Amino acid sequence: MIIANTLYPLVIVEEKINKKSIYIWQKLEYTINYTGDADKFKAEGINTNAISDFEVINEKVEIETVHKENEIPTMSCKIIYTMKPVRSGKLKIPELEARYYNVESGNSLVPKEQMIGGYNIRVFNSWFILIMVGQWVIIIFIAFLIYKFIRDQYKFNKKNFENKNKE
């Protein structure tokens, strides 16, 4: 395994999103993390044009190399895509190819791709908030009417009880 790893560096690609449901004005962070032998790979990222339901507004790259005793140094390359939805509804980030290059001796780059999973994202518009607020207003109003009815009944019964006791 160590010999194979020297000839063909192992790169692990993981993806994640920060939210599964957002409002139309919010932004979504889609993160792809490449982890492998330091200086043995170069991350390229994804084809952002393949994501039709979201517009990529920012791309940030963070690279960290970890040196541990008696181990091969590992590098973590994190690419964070900040996206905003193009419309409301059930949107999708499709399965994509995370591209990277294996760096071989002589600094030649060998292109590699790894499939990463897709995500379904629920995007709510401003009408959703108005409907939710409206529902809560109705619930509070009904609770107030019930409270008022019970209070009035209590006062009426108390008054009747006092009048009965006076007779």
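Quick notes on this structure:
- Take the Cα of ILE80, go 7 Å toward its beta carbon, and the backbone nitrogen atoms of the stretch 24-61 under 11 Å from that spot belong to 29-32, 59-61.
- Label assignment, Rg/Rh (Cα atoms, Kirkwood Rh) derived from the structure, set [x] 1.08; [y] 1.43; [z] 1.02: [y]
- For the stretch 20-112, the list of GluC sites (Glu not before Pro) that fall in a loop by DSSP and count at most 15 other C-beta atoms within 10 angstrom reads GLU69, GLU71, GLU95, GLU104.
- Partners of LYS155 within straight-line reach, counting lysines whose Cα lies under 26 Å from its Cα and excluding those fewer than 8 residues away in the same chain: LYS164, LYS166.
- Where trypsin sites (Lys or Arg not before Pro) fall in DSSP loop in the stretch 49-116, at most 11 other Cβ within 10 Å: LYS68, ARG87
- Compared with the dominant Cα axis of the chain, that is its longest principal axis, helix 126-166 is turned about 30°.
- The stretch 9-89: chymotrypsin sites (Phe, Trp or Tyr not before Pro) in DSSP coil with no more than 16 other Cβ atoms inside 10 Å: TRP25
- Listed by chain and number, the lysines whose alpha-carbon sits under 30 Å from that of LYS68, ignoring those within fewer than 8 places in the same chain, are LYS16, LYS40, LYS42, LYS60, LYS78, LYS112.
Only the coordinates and a few stated rules stand behind these numbers; no lab work does. Predicted, not measured: the structure shown is a model, and the values here were computed from it. Here Cβ is always computed from backbone atoms with ideal geometry, including for glycine, and neighbour counts include all displayed protein chains.
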